[in-house]
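Quick note: the coordinates plus some simple rules give every number you see, no bench work behind them. This structure is a prediction, so every number in the text was calculated from the model and none was measured. As a convention, Cβ positions derive from the backbone with ideal geometry for all residues, glycine included, and neighbour counts pool all protein chains shown.
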Ligand code: PMP
């Protein structure tokens, strides 16, 4: 007996942690700083850490089925009804739910390139297909409705990442509205705001709810996560915000326990800790400004907690940085073999990243 033919499916390449890198190089983990996975350099909110400890003794019980308190807190934040929140096992889980609720076998999704690989992988798991639209480097990866519509060919879902990974660019709400307007009524535009807290922009929830001068729509959804600004990547907690018309579908597509009790209790504590998020966002802004100003390479302006840097040869430079204790993301897998993505760290981490990168670039010049 063999698995079915999976040759059309590619394995997701998760970034390796400090322990793994240190082991591979035969070095001590304390010699490394990791700025490769857009994690929160301040860790989780202290209140979330307390909630995790307090929940430890009850993890032998199944999670609550509804997590009503967390759902209420999220719904309150965005001014939507509780039923419009689809909790999931990370943003990745929310991507799966949206595909499960939308795709018939053979339907396609349209995804950005360069871009986050899991959209396409998930569509294929759900017996769909994926096609790409390009963010043009010549236009500094600008995101416009026209740029997406050029490649649109009747796909059921159009994925927009705003702020975008790995470019850091955003799509203006008026452009997202135009995209939704100019695609057929049966096409859903999903705005992935995994990095939304770091951007100086309104959430696309305004389009779902008809706020800020926009008409309410039933063909836009938003994706969010606790992995980035909230520092809970290891717990796997994310959610989609969907139009009212989509609320009921969740009860039919979610797995028996969409998110763990530990994750939800920590998430509830974290969402109330505004101070931690504000500090995290401020750190990210300072770090990306410093990298833009001081790296001796082209850095694209970013609204995320990372910057994209043109270093000429991403493999050589990322390996040299790793040798010197700084782990960053080689963007070859995004189709950008000359670029690195460097996560915003603390002030000290950012200094180290800037100085080490500039040293490596100077040695190679
Ligand atoms: N969307 C984007 C654009 C991402 O970069 C990521 C994380 N790499 C995710 C979604 C998913 O994040 P998570 O599953 O940790 O919530």
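Using mean Cβ contacts within 10 Å as the protection proxy, how do 136-146, 205-215 order, highest first?
Values: 136-146: 14.5, 205-215: 16.9.
So the order, starting with the most tightly packed, is 205-215, 136-146.
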Any chance you could check the Cα centroid distance between the stretch 113-135 and the stretch 66-97 for me, in angstrom?
-> 23 Å
In a GNM of the chain with a 10 Å cut-off on Cα contacts, which of 226, 257, 198 has the highest mean-square fluctuation?
-> 257
Given the peptides 101-113, 318-330, arrange them by the average over their residues of other C-beta atoms within 10 Å, most packed first.
-> 318-330, 101-113
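For the stretch 166-211, report the translational diffusion coefficient in µm²/s to the nearest whole number, using Stokes-Einstein at 25 °C, 0.890 mPa s, and a Kirkwood Rh over Cα pairs.
On the way: Rh = 11.6 Å.
Using the Kirkwood radius from Cα pairs, D works out to 212 µm²/s.
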Semi-axes of the chain's equivalent ellipsoid from the Cα gyration tensor, sqrt of 5 times each eigenvalue, largest first, rounded to whole Å?
-> 32, 26, 21
How much length, in nm to one decimal, is gained on full extension between residue 125 and residue 355, taken as 0.36 nm per residue of separation minus their Cα-Cα distance?
-> 78.5 nm
Short to long, in 10 Å steps from zero, the percent of alpha-carbon pairs of the stretch 319-365 per bin is 26, 56, 19, 0
Along the principal axes of its C-alpha atoms, what lengths does the stretch 1-127 span, in descending order and rounded to whole Å?
-> 48, 42, 36
For the stretch 269-365, what size does the Cα cloud have along each of its three principal axes, sorted from largest down, in whole Å?
-> 47, 26, 23
Given the rule -39500 (n - 2.57) for each run of at least 4 DSSP H residues, summed and divided by the residues of the chain, what is its mean residue ellipticity at 222 nm, to the nearest 500 deg cm²/dmol?
-> -11000 deg cm²/dmol
Pairwise centroid distance, computed over Cα atoms, of the stretch 273-316 with the stretch 163-208, Å = 21 Å
Estimated distance in nm for a label pair at residue 10 and residue 82, the labels positioned 7 Å out from Cα along Cα-to-Cβ | 4.2 nm
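Per-residue counts of other Cβ atoms within 10 Å, averaged by peptide: what ranking do you get for 230-241, 37-48, highest first?
Details: 230-241: 23.4, 37-48: 20.1.
Final packing ranking: 230-241, 37-48.
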Hull-based mean projected area of the stretch 189-310, where the convex hull spans the alpha carbons, in square nanometres = 9.5 nm²
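Can you list, largest first and rounded to whole Å, the semi-axes you get for the stretch 78-131 by taking the square root of 5 times each eigenvalue of its Cα gyration tensor?
Values: eigenvalues 96, 36, 19 Å².
That gives 22, 13, 10 Å for the three semi-axes.
List the equivalent ellipsoid semi-axes of the stretch 228-296 in whole Å, largest first, each obtained as the square root of 5λ for an eigenvalue λ of the Cα gyration tensor. Don't jump to the answer; show the numbers that get you there.
Numbers: eigenvalues 213, 50, 27 Å².
Ellipsoid semi-axes (Å, largest first): 33, 16, 12.
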How far apart, in nm, are the 7 Å Cα→Cβ label points at residue 49 and residue 200?
-> 3.2 nm
Could you state the principal axis extents of the C-alpha atoms in the stretch 140-235, from the largest down, to the nearest angstrom?
-> 37, 29, 24
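In the chain, what % of DSSP beta bridges are antiparallel (nearest 5)? Write down the numbers at each step before the final one.
Working: 17 of 37 bridges.
Among the beta bridges of the chain, antiparallel pairing accounts for roughly 45 percent.
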